[in-house]
Amino acid sequence: MIDPLHQFVIYPLFSLQIKGLDVSFTNSSLFMVLAAVGTVLFLSGGFKDAQLIPGRWQAMVEMTYGFVAGLLDETAGLKGRRYFPFVFTLFMFIAVGNLLGMLPYGFTFTSHIIVTFGLAMMAFGFVTLVGFARHGLRYFTIFVPQSTPVYMLPLIVPIEILSYLSRPISLSVRLFANMMAGHTMLKVFAAFTVSLGLFGVAPLAINAILTGFEILIALLQAYVFTILTCIYFHDAIHLH
Amino acid sequence: MKHEKNMKEAPPLHTLKLRIEKAKQAKKTRRIQKSSPSTTIGQFLNVGVEFVAGIVAGVAGGLFVDWMCGTSPWGLVSFFILGCAAGFLNVYRVLTKLPKS
């Protein structure tokens, strides 16, 4: 029987140890580098000879840019525009990483919770820093909803703090679980195709549909991650 | 030439900005009419994760408090309940703050 979880195995391509710390360049690292390089190639390639009336590639780049910019404007407001580079980088890295995972022999680095948790902690940490930079110590009032009676504060404030701290958990688990579940499902159906012989046509047809669906999920989860980051930016900028 | 003929028939250039604005406005209203109040992103948001995250944060906080103050198991019990409340709050927040489009 084929192991559907085998695709998530991380193995080192170049072993590297620094003071007993394993910093090997793994297949996961390789695909992260590919995602970063792919993003740069996609974006700069579209503008290599930019026209007033864009060609197909340039239109694709401009639409991606416009999509994320519109998302940020819509959710975080105009003051959120300063943080566009961060949000756009996050979106492109996740989206390209997810799509690279859809290629045969590809590896989906977003199917590992430590990667998504790292990304989520980066977004969470940056949003918190922005909040403190903009409001100073007044940022702590984010834990006190407007017009709360004083005698309710001992109950409300811990709940608000826990809700705030749970943001990176929900962000990371959502992306990780979606990618891992989807790719496992693809492999399970692929295994059915092999083991059923001639009748394997049925799971093969399902797999063809699922592959298209997975590409949708790959882009949607990048979108969801980005939109939630934008909502957190809105909270940090406007304090309620 | 066909191309030149089209150029002649096109409205003057100085109205271009006005026409672009008009087209943008039309597109915007069309989009608002098309979208239903029920969120399409909502299906892919997995709101349940939001709830679980609150509980996980609560349990982690509770274990941390117990470990720091040696109040086991009261920190875990109380923070678990607070975490559930935080989970409900998360779900409510995310669903109400989604853009309407």
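Derivation of every value follows stated rules applied to the coordinates shown; laboratory data play no part. Remember, it's a predicted structure, so these values are computed and weren't measured experimentally. When we count neighbours, we look across all protein chains shown, and the Cβ atoms used for this are built from the backbone with ideal geometry, even at glycine.
A few notes on this one:
- Single residue of region B:78-93 satisfying the filter (within 17 Å of the chain's Cα centre (by Cα) and within 7 Å of another protein chain (Cβ to nearest Cβ)) that is surrounded by the fewest Cβ atoms within 10 Å (Cβ to Cβ): B:L89
- Residue count for region B:48-77 under the criterion of being in contact (Cβ under 8 Å) with a residue 40 or more places away in the chain and either surrounded by fewer than 17 Cβ atoms within 10 Å (Cβ to Cβ) or more than 31 Å from the chain's Cα centre (by Cα) (or both): the result is 0.
- Among the conditions (1) more than 26 Å from the chain's Cα centre (by Cα); (2) surrounded by fewer than 20 Cβ atoms within 10 Å (Cβ to Cβ), A:R134 misses just one, which is (1).
- Here A:V87 qualifies as surrounded by 14 or more Cβ atoms within 10 Å (Cβ to Cβ), in contact with a Cys (Cβ under 7 Å, 6 or more places away or on another chain) and either of a type outside the set (D, E) or farther than 28 Å from A:H112 by Cα (or both).
- Of the residues contained in region A:154-162, one or more are found to be assigned to a helix (DSSP H, G or I) and crowded, with 21+ Cβ neighbours inside 10 Å.
- Residue in region A:215-230 that is more than 14 Å from chain B (Cβ to nearest Cβ), under 20 Å from A:P4 (Cβ atoms) and buried (at least 21 other Cβ atoms within 10 Å of the Cβ) present: no
- A:V150 being in contact (Cβ under 8 Å) with a residue 12 or more places away in the chain and hydrophobic (A, V, I, L, M, F, W, C): no
- Evaluating A:S166 against the criteria (1) within 18 Å of the chain's Cα centre (by Cα); (2) in contact (Cβ under 8 Å) with a residue 12 or more places away in the chain leaves one unmet condition, (2).
- Single residue of A:L52, A:L100, A:L71 found to be buried (at least 19 other Cβ atoms within 10 Å of the Cβ), over 22 Å from A:E214 (Cα atoms) and not aromatic (F, W, Y): A:L71
- The criterion of being over 18 Å from B:C84 (Cα atoms), part of a helix (DSSP H, G or I) and away from chain B (no Cβ under 14 Å) does not hold for A:F124.
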